[in-house]
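Student: Got a structure here, written out as structure tokens. Questions coming.
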Ligand SMILES: Nc1ncnc2c1ncn2[C@@H]1O[C@H](COP(=O)(O)OP(=O)(O)OP(=O)(O)O)[C@@H](O)[C@H]1O
Ligand SMILES: [Mg+2]
């Protein structure tokens with residue numbers, strides 16, 4: 001394997017998040033190392049998506065501290081997280097419905113494009129060169145994900161599985177150092193799942209992208225993860241390499257629904 | 001077999017990213033511009049130029065402005081006419097107060113004033129959406145018209161805010177007749193329409209549409225919501241402002257703030273609904289449709305029904321037809337005439353072998 005797991009780049013310490021009376025996360029700590037595939041699992045409503053939202057600044061935890069690349073983050077905003085190289089996909093596909101596949105993926109390169117609205121109005125010289133340069137990158141992503149034949153299709157017309165793939169493409173186009181993937185394989189058939197797994201592993205392997213993954217398919221999770229965090233009712237009940245987690249009695253209980 | 005891209009393989013992304021990627025479209029647009037720039041001024045009579053072509057062009061520009069804000073960036077506005085007023089009164093004051101002010105610079109500055117005011121009234125969009133934002137822009141509509149009447153300086157202390165556009169002169173040439181005014185209007189509108197088309201197909205336009213379609217996802221990608229929305233307000237109001245200045249200078253001549261009332265704002269909104277929300281070409285189709293419909297009804301209804309109907313019936317019929325069409329487009333074809341045109345093109349692409 002080309003990649004080698006590095007130092008801790010993201011550290012979550014004592015994170016608590018509540019919505020009114022609902023406690024979504026209670027005092028959760030874990031870390032993510034560079035280049036690893038780190039999964040977050042847990043039953044429905046465990047707080048997995050909320051955790052991702054805390055990482056990239058969509059939600060602001062009431063308590064706790066997030067350290068990213070040695071820097072303690074305050075007042076995180078999603079666009080700042082994007083600037084720091086964190087990209088993500090959503091549990092409920094969040095593509096731009098009115099735009100084509102190419103345009104959706106092009107938006108992923110937004111932060112790397114420097115021209116302003118005046119350049120764009122003229123679309124000459126600098127703006128044109130920039131558009132072409134980034135279009136090339138987007139075509140690389142399209143080739144990588146094997147979606148050449150749908151590049152001009154409005155995303156709303158695509159089947160679910162392909163939409164998920166395009167959303168991954170949009171995240172990839174940003175050339176992120178860390179990707180947060182919220183159930184990228186939900187609702188897919190076996191074949192589509194295999195493709196998606198391959199893409200995730202390839203991204204991780206070829207570009208060294210750190211991946212934080214939420215997934216319900218235990219087979220997949222245990223197969224591709226380096227380490228796994230388990231949440232249940234907003235609390236952390238397990239953390240470790242797949243084998244450790246599999247044999248953790250609390251985890252087994254949570255999944256069989258015997259405790260509480 | 002006439003209209004298709006078969007055989008037109010794009011060898012580079014450059015070719016694929018042209019403003020009109022299909023050759024027939026490129027030729028079509030050039031022919032259209034050529035027709036309106038060369039043939040029309042030769043053959044159209046005064047009435048056509050003054051009462052139809054000039055207003056269609058000006059309303060198209062305003063509709064493009066509203067389409068940028070509503071169709072592309074997804075921010076509903078009922079204040080288009082007020083931003084036109086700012087452009088008209090802005091240009092008037094620059095012409096009036098600065099000696100030797102070039103006309104084209106004056107209308108651009110008028111547009112810039114509108115852009116500034118637009119950004120100010122766009123600030124609420126950072127907190128509110130949809131219906132509530134529409135109400136906020138409604139406040140802009142009333143406030144601006146009120147301010148232009150109330151603060152007499154804007155109209156150089158004329159009664160009830162009426163202004164009379166100064167003579168247009170560019171490089172010593174006086175634009176007096178409808179022909180020259182038409183050509184001037186056409187020039188400004190074509191240049192700005194092409195610029196708009198360029199904006200909507202680049203990062204700026206993609207950011208607008210991203211915010212329109214899914215704002216949380218847009219932010220997570222790194223798109224700044226505030227900047228994107230305010231840019232849309234600025235560009236949109238700039239377009240409306242320039243349209244307003246042209247409205248005063250090449251169309252009506254003498255305008256008052258009340259002329260830019262809510263009715264006009266709604267008219268522009270109807271243009272984009274009928275023409276096509278989120279389409280530059282639709283803005284032209286919608287404007288042409290709304291200018292031409294009453295004229296067509298005036299001509300054809302008495303022709304068909306003769307003396308059976310009174311003229312008041314005809315004008316009521318207008319409203320009924322308008323209302324019916326709006327409902328039709330909102331329910332059946334929200335992308336308007338532009339979409340119908342596109343469907344026609346897709347059929348043509350397959351013709352004569354539909355399978
Ligand atoms: N924006 C919000 N407002 C109110 N409550 C929320 C919000 N987001 C999440 N919650 C609540 O927080 C808890 C955790 O939700 P979350 O979506 O993080 O769970 P999850 O583990 O991702 O579940 P699933 O597997 O169903 O996706 C739930 O009780 C949910 O109702
Ligand atoms: Mg979830």
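The values are calculated or read from the model by the stated rules, or taken from the named source; none is laboratory data. Note that the coordinates shown come from a computational prediction; the quantities given were computed from them, not determined experimentally. Every residue, glycine as well, gets a Cβ built from its backbone with ideal geometry; the counts of neighbours run over all protein chains shown.
Student: Name every residue in the range B:221-262 that is within 14 Å of chain A (Cβ to nearest Cβ) and under 20 Å from residue B:277 (Cα atoms), in order of residue number.
Tutor: B:228, B:229, B:230, B:231, B:232, B:233, B:234, B:235, B:236, B:237, B:238, B:239 - these are the residues of the range B:221-262 that are within 14 Å of chain A (Cβ to nearest Cβ) and under 20 Å from residue B:277 (Cα atoms).
Student: I've got another one for you. I'd like to verify a number: residues in the range A:219-234 that are touching a residue at least 40 places away in the same chain (Cβ under 8 Å), out of contact with any helix residue (DSSP H, G or I) (no Cβ under 7 Å at 6 or more places or on another chain) and away from ligand 2 (no atom under 16 Å from the Cβ), how many?
Tutor: Residues in the range A:219-234 being touching a residue at least 40 places away in the same chain (Cβ under 8 Å), out of contact with any helix residue (DSSP H, G or I) (no Cβ under 7 Å at 6 or more places or on another chain) and away from ligand 2 (no atom under 16 Å from the Cβ): 2 in total.
Student: Only one residue in A:215, A:183, A:146 is on the phi > 0 side of the Ramachandran plot and in contact with a strand residue (DSSP E or B) (Cβ under 8 Å, 6 or more places away or on another chain), so which one is that?
Tutor: Just one listed residue meets the conditions, A:183.
Student: Determine whether the range A:21-42 contains at least one residue that is more than 16 Å from ligand 1 (Cβ to nearest atom) and at the interface with chain B (Cβ under 9 Å from one of its Cβ atoms).
Tutor: no
Student: Among strands (runs of 3 or more DSSP E) lying entirely in the range A:159-260, which contain 3 or more residues that are under 24 Å from residue A:110 (Cα atoms)?
Tutor: A:178-182, A:210-214
Student: While we're on this one: In the range A:102-116, how many residues are at the interface with another protein chain (Cβ under 7 Å from one of its Cβ atoms), crowded, with 21+ Cβ neighbours inside 10 Å and within 27 Å of residue A:51 (Cβ to Cβ)?
Tutor: Going through the range A:102-116 one residue at a time, the tally reaches 3.
Student: When residue A:71 is evaluated against the numbered criteria (1) away from ligand 1 (no atom under 14 Å from the Cβ); (2) surrounded by 15 or more Cβ atoms within 10 Å (Cβ to Cβ), which criterion, by number, is the only one it fails?
Tutor: Among (1) away from ligand 1 (no atom under 14 Å from the Cβ); (2) surrounded by 15 or more Cβ atoms within 10 Å (Cβ to Cβ), the lone unmet condition for residue A:71 is (2).
Student: Also, I was wondering about something else. Could you check the range B:192-220 and list, in sequence order, the residues that are in a helix (DSSP H, G or I), out of contact with any helix residue (DSSP H, G or I) (no Cβ under 7 Å at 6 or more places or on another chain) and either more than 10 Å from chain A (Cβ to nearest Cβ) or touching a residue at least 60 places away in the same chain (Cβ under 8 Å) (or both)?
Tutor: B:194, B:213 - these are the residues of the range B:192-220 that are in a helix (DSSP H, G or I), out of contact with any helix residue (DSSP H, G or I) (no Cβ under 7 Å at 6 or more places or on another chain) and either more than 10 Å from chain A (Cβ to nearest Cβ) or touching a residue at least 60 places away in the same chain (Cβ under 8 Å) (or both).
Student: If you don't mind, there's one more thing I want to ask. Tell me whether the range B:151-165 contains one or more residues that are touching a helix residue (DSSP H, G or I) at 6+ places or on another chain (Cβ under 6 Å), assigned to a helix (DSSP H, G or I) and either at pLDDT below 90 or at the interface with chain A (Cβ under 9 Å from one of its Cβ atoms) (or both).
Tutor: Yes: one or more hits.
Student: Could you grab the pairs with beta carbons closer than 9 Å, sequence gap of 6+ or different chains, first residue in the range A:85-101 and without any contact (Cβ under 8 Å) to a residue 60 or more places away in the chain and more than 7 Å from chain B (Cβ to nearest Cβ), second one more than 16 Å from ligand 2 (Cβ to nearest atom) and part of a loop (DSSP other than H, G, I, E, B)?
Tutor: A:100/A:151; A:100/A:152; A:100/A:153
Student: Anything in the range B:76-91 that is surrounded by 24 or more Cβ atoms within 10 Å (Cβ to Cβ) and either in a loop (DSSP other than H, G, I, E, B) or at positive phi (or both)? List them, or say none.
Tutor: Within the range B:76-91, B:77, B:79 qualify.
One line per residue, one yes/no per condition, for (1) within 16 Å of ligand 2 (Cβ to nearest atom); (2) more than 12 Å from chain B (Cβ to nearest Cβ); (3) more than 30 Å from residue B:197 (Cβ to Cβ):
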position	(1), (2), (3)
A:146	no, yes, yes
A:154	no, no, no
A:161	no, yes, yes
A:184	yes, yes, yes
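Student: Still on this structure, I have one more. Please determine, by comparing only the residues of the range A:39-65 that are more than 16 Å from ligand 2 (Cβ to nearest atom) and surrounded by fewer than 21 Cβ atoms within 10 Å (Cβ to Cβ), which one is nearest to the chain's Cα centre (by Cα).
Tutor: That would be A:60.
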